[in-house]
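See below for the structure under consideration.
The values are calculated or read from the model by the stated rules, or taken from the named source; none is laboratory data. Computed from a predicted structure; not experimentally measured. Here the Cβ positions follow ideal geometry from the backbone for every residue, glycine too, while neighbour counts run over all protein chains shown. Remember, those area values only see protein heavy atoms, side chains included, never the ligands or the DNA or RNA. Shrake-Rupley method; radii C 1.70, N 1.55, O 1.52, S 1.80 Å.
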Amino acid sequence: MAEIHTSTVPSDALDDRSVSKAEITARRLALIAGLLLLLVAPFLIYPVFIMKVLCFALFAAAFNLLIGYTGLLSFGHAAFFGGAAYFTAHSVKEWGVPPELGILIGTAGGAALGLIMGFFAIRRQGIYFSMITLSLAQMFFFFCLQAKFTHGEDGIQSVPRGHLFGFIDLNQPIAMYYTVAAIFLIGVFIIWRFVHSPFGMILKSIRENEQRAISLGYSVARYKLGAFVMSAALAGLAGGTKALVFQFATLTDVGWQTSGEVILMTLLGGIGTMLGPILGSAIVVMLGNYLATTGFPVTIITGAVFMICVLVFRRGVVGELAASRIGRKFGLARWL
Amino acid sequence: MNAPSPQSLGEQRAVLSARGLSRRFGGFLAVNNVDIDVFHGEIHALIGPNGAGKTTVFNLLTKFLQPTAGKITLMGEDITSTSPDRVARMGLVRSFQISAVFPHLTVLDNVRVALQRPNGLAHQFWRPMSALDTLTGKADALLTTVGLMRERDALAADLSYGRKRVLEIATTLALDPKVLLLDEPLAGMGQEDITAIAGLIRSVAKTRAVLMVEHNLSVVADICDRVTVLQRGEILAAGDYATVSQDPQVRTAYMGREED
């Protein structure tokens, strides 16, 4: 009996439900358009601005891996982002390691912090989980304030960008830009693969029905911890890259405001969508940049945006688009 | 009042057994000094009026709840303080009273999720989803066994209540458990489904032990080899259905009313 049915299984289906050829083509075209945009962007827009967007976009995408695909609201992600910025900045400036190794050290540092924080937080649910992550992140903030190597209020200044793999001069803005773009793409690909993997399938089932997942023999805590560490590592990748782009690491990036900002970015773009956090961070960074020149207090505007988002479009920009009539018609929810 | 000790059939050894199982919630003794033995190849029914503590016993046996007192052994191994997921990996798998499926996964994926761990495909975060295609054959075979092949690509949330219970049994069977604990597997089903699922439970019990909570006494009489009656957290009677149903205490407490 079984053999008869196995032969009819579509092997090219990307997701759990079968996807039409036209949709796959549309998806590929959208992906190519996005890559082209990333390629030509530095010639159209100020590269440093795009690099800032890309760093925060990767940060938000990493955060979304946790809230969107694991259902855990971390309020301490700044520790991984800002912590990694310190690790990368310190290792590049004081130890003189090449930039690629510096970023790796930042990523590993983020992962290590994630392992410690996750170990304490993961067994708690809901608001308790969020509070533990917040308090541990605050402890790390005070550590950064007091520790010698971070230079306290001054931060680590004038971090050398160095030469990537020994021959690409990152002091060239274009070289730096494409490096950041590549890191961003690798990071987003890792997230995409993580979510759409056998491991991701178990995460999804845990989110759907935790009790059932336990009764099927899955140690839920380990899966959550795995996702937490992966999210922290990628937040670290984003933070370490940012330290090289701006050539400094300061307390701002480890502060709780940064943890709040990444929540705003993800919420604004759309929790649980691939594209949402990326778009959300672009909007928030853009908002900050324009308002900075007008002298109007940024926090009031971002606060208002946050409120509007929660009240009017809770699914975020991308989430609402996917849930709209047009979005449903084209099945956008499956690939945004 | 002392609970009657469960009888043992010759040299047969219990796959799952509990001695003096108790659980207290604050001042309320939900389960009191329960002994139970579940044997390979048999269907054991746990019956009793509402609030008798049947589901609590289930939660204790599967370690979703920690007993206040007592000892549980699974195939000779003490599992009294083992975690629920580890117990499941050892081969003691349960279903839930309130249907437990993954609502936004397809029927096929519900079964494939269950198959992932036993087939070593549970932690690969670097491999694409298509790695799970190798499980589709096994999943389809299970769906065929329980008769869910027609609903294979539907979302579990869209199934009727009875079909969800069937799906749950299929996912439970996917783990090839040594002991199967079914919490009211037939509740809310139509007569047609009841006949089919009772037959299914009977056939799977040939190669494993089954413990089920069930209210449908005609099914219990039909397919169960052994019955334990719980009342107010204590064992009222235990034995085969004929013996238990003749027990005067049981008749007044439970069956007399139900059989009217």
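Points worth noting:
- Span-like helix check, chain A: qualifying full DSSP H segments, with Cα axial length of 24 Å or more and mean Kyte-Doolittle of -1.0 or more, are A:21-44, A:47-67, A:99-121, A:126-146, A:173-195, A:220-246, A:276-294.
- Take every Cα pair under 8 Å whose residues are at least 6 apart in sequence, average their separation, divide by the length of chain B, and the relative contact order is 28 percent.
- On the range B:179-260, 47 percent of the accessible area sits on carbon and sulfur atoms, based on a 1.4 Å probe.
- Rounded Å value of the spacing that divides the Cα centres of the range A:33-84 and the range B:120-167: 35 Å
- With the charge dipole of chain A set up from +1 on Lys and Arg Cβ and -1 on Asp and Glu Cβ about the Cα centre, the Cα lying farthest toward the positive end among the listed residues A:108, A:185, A:139 is that of A:185.
- For residue B:124, the amide hydrogen comes within under 5 Å of the amide hydrogens of A:199, counting only partners 5 or more places away or on other chains and with H modelled in the peptide plane.
- Peptides ranked, highest mean first, by Cβ atoms within 10 Å: ranges A:95-101, B:76-82: A:95-101, B:76-82
- For residue B:207, neighbours were defined as the other residues whose beta-carbon sits under 13 Å from its Cβ, and their charges (Lys and Arg +1, Asp and Glu -1) total +2.
- Ligands, DNA and RNA excluded, the heavy atoms of residue A:196 present near 40 Å² of accessible surface to a 1.4 Å solvent probe.
- Computed helical MRE - 222 nm, the protein assembly as shown, DSSP H runs ≥ 4 contributing -39500 (n - 2.57), nearest 500: -17000 deg cm²/dmol
- Remark on residue B:230: its backbone amide H falls under 5 Å from those of B:47, B:48, B:236, a criterion applied only to residues 5 or more positions apart or on other chains, H modelled at 1.01 Å from N.
- The relative contact order of chain A, computed from alpha carbon pairs under 8 Å that lie at least 6 residues apart in sequence, is 28 percent.
- Using bins of 10 Å that start at zero, the share of Cα-Cα pairs per bin across chain A amounts to 6, 24, 33, 24, 10, 2, 1, 0, in whole %.
- Cβ-based net charge around residue A:73, under 13 Å, with every Lys or Arg adding one and every Asp or Glu removing one: +3
- Taking the C-alpha atoms only, the angle from helix B:107-116 to the longest principal axis of chain B is near 80 degrees.
- Within the shell defined by Cβ-Cβ distances under 12 Å, the residues around residue A:103 carry a net charge of +1, with Lys and Arg each +1 and Asp and Glu each -1.
- For residue B:40, distant residues with modelled amide H under 5 Å away: B:15
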